[in-house]
1. Quick check: Cα centre of the range 361-414 to Cα centre of the range 163-185, how many Å?
2. Looking at the range 452-514, which trypsin sites (Lys or Arg not before Pro) are DSSP coil and have at most 13 other C-beta atoms within 10 Å of their C-beta?
3. With +1 on the Cβ of every Lys and Arg and -1 on the Cβ of every Asp and Glu, and nothing else charged, how large is the dipole of the chain about its Cα centre, in debye rounded to the nearest 20?
4. Between Glu507 and Ile482, what is the label-point separation in nm under the 7 Å Cα-to-beta-carbon projection?
5. In square angstrom, what is the accessible area per residue of the range 170-322 with a 1.4 angstrom probe?
6. Quote to one decimal, in nm, the extra length available between His136 and Cys452 on full extension: 0.36 nm per residue of separation minus the C-alpha distance between them.
7. Relative to the first principal axis of the alpha-carbon coordinates of the chain, what is the inclination of helix 439-468, with its axis defined by its Cα atoms, in degrees from 0 to 90 and to the nearest 10?
8. Using only Cα atoms, tell me the angle between helix 306-324 and the longest principal axis of the chain; keep it within 0 to 90° and round to the nearest 10.
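The values are calculated or read from the model by the stated rules, or taken from the named source; none is laboratory data. Please read these numbers as outputs of a predicted model, since none were measured by experiment. Cβ sites come from the backbone with ideal geometry, for glycine too, and all protein chains shown count toward neighbours. What goes into the accessible areas is simple: the full protein's heavy atoms, side chains included, and nothing from ligands, DNA or RNA. Shrake-Rupley method; radii C 1.70, N 1.55, O 1.52, S 1.80 Å.
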Amino acid sequence: MNGNNQDHGTAPPATLLKNAETHPKAIDEAIVSGDNIQMRSELDDLPMLQGLRLYWRVALISMLAAFSSALEGYQIAITNSIVSNRGFIRQMSGGGTTLNPTHVAVWGGMLSTGQLVGVAALMMWTDMLGRKWAMHLTWLTLVVSVILESVATNWLHWLFAKLLAGAGLGMMQATYPVYISEQSPTQIRGLLTTSYMFWYVVAQIFGPLALQQLHIRDPYNYKIPIYTQWSMLGVMLIINLFVPESPWWLVQRSKYHDAEKVLASSYKGVTGYDLKKELSIIIATVEHEKLVEAENKYQLVQIFKGVNLWRLFIAFWPKGMQQLCGQSVTNNYGTYFFQLAGNKDPFTVTIILGVCQLLGVLFTSACSNNVGRRWLTLGLFGSGAVAILAIGILGSFDYQSHELGSVLVFFACVSNFGVIGGAGIAYSYVAEIPAQRLRARTASIALIGSFCLGITFNYTVPLMLKVWSVQTGYFFGVTGLISFIVGYFVLPEIACRTPAEIDEMFEDKVAPRKFRKHVTQVEVFILEKDEKQKKKIERFPLEERQEFV
């Protein structure tokens, strides 16, 4: 594939990178003229554990960035649990003993609305200002929201605090998974992207635990859980200042020297890492995308056209499956659900479900490369859909009896294991499927779609539970199974694939189900290069071959 066919798989001559530093279109011209451009590193074929040991510094940077999601999980846990605190009830009800149900519903809906607003507001800025500035804007928004929570004295103050908190959380989801994906080497990208969900779930467990202990010791004090967020914001600020800018964004903005400095620091001491070659691979991938999209001027319009629209839908669908498989029933409104189900200790059940979520995320992290993103996503969300359907079936019997009550909790555990485990992989699709030049905006729009579903279910699930109780599982069982069938046909396998390979398969219109076994031109070049090197070595006497290995 040479000339105007734009070969995906070949290596730049030594002068190409030098030219690219002074002339951003050098690689474009090389592609058009048929020069060899390499777009996959030989190091990308290393096993995951070996890659984790080799790239420990990059893994540490990504894990630190992922820690921000702990604040997201903690914030959501507080929002869901603080409404049962006696002091909070007394303050927000004006001295009463119960909260206005309308106020509670509006708070939950406003948090999801804020997420949508935050993503939409940040979408244009994250490409212009960079990933680090997006992190700082996210942090600033969360600081203002915690200030409002700390001084709120009535339900309206709390409403505005939830709006800003939701905006900060939405900005966080649109920024950090994309940043982690762009920082991570190919073979450990799935593991590190999933770590975002790991910290989220850990915080979801500790948030209710903190409120439970506070309920025992000081049942009218609701301020302490709010104040504890300041320590997490302090850690988040330090991390934001410490982590480097994304090298992919720097190359996208033609800041090649800055990108080289980031790579030199992040991959310092990595055996076999050729800085110039690795940087040229990033440049080649970005410049190739610019060449393909050269006729399109407006990026936002490009997202909704042709193959980019297809990539947007695929990026959105796993997050859509997360909502359609019943996350709102056994997770967001888990405490309320088990109260209606007649469980006398919903708090304990909530902790058990949190542990199941943690196990689901750990399972996802361990298997994301070996099993693959596609089958892991389908298997986890599929099990969640079957479990929520089983809960609906139990609703047709005496589910409040001791025996069926235990079975109900079991299926709720399976549901949480599958849905939250699948949510970790969903972030991989959001971050990895879009083209690099459109990555931040495509990811933001995909998240907006999932937030719209979230808002819908935040308002409707309490009504469903009130009318249908446990039989609500029938609805999400059906929608979950439908989403599974759609997912089977639209979700591709992207494990251990470089951005250039993903671009190539989409450009060549490879069917999603065939991504795993498809041999790309990027891979063909590496094989041909190895074969040529082998033949070159074989021409020399045995004692002289070692220096070429």
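1. Rounded to whole Å, the Cα centres lie 27 Å apart.
2. Lys509
3. 900
4. 3.7
5. Using a 1.4 Å probe on heavy atoms only, each residue of the range 170-322 averages 38 Å².
6. 111.2 nm is the gain from fully extending His136 to Cys452.
7. The helix 439-468 is inclined about 20 degrees to the chain.
8. Relative to the chain, helix 306-324 is tipped by roughly 30 degrees.
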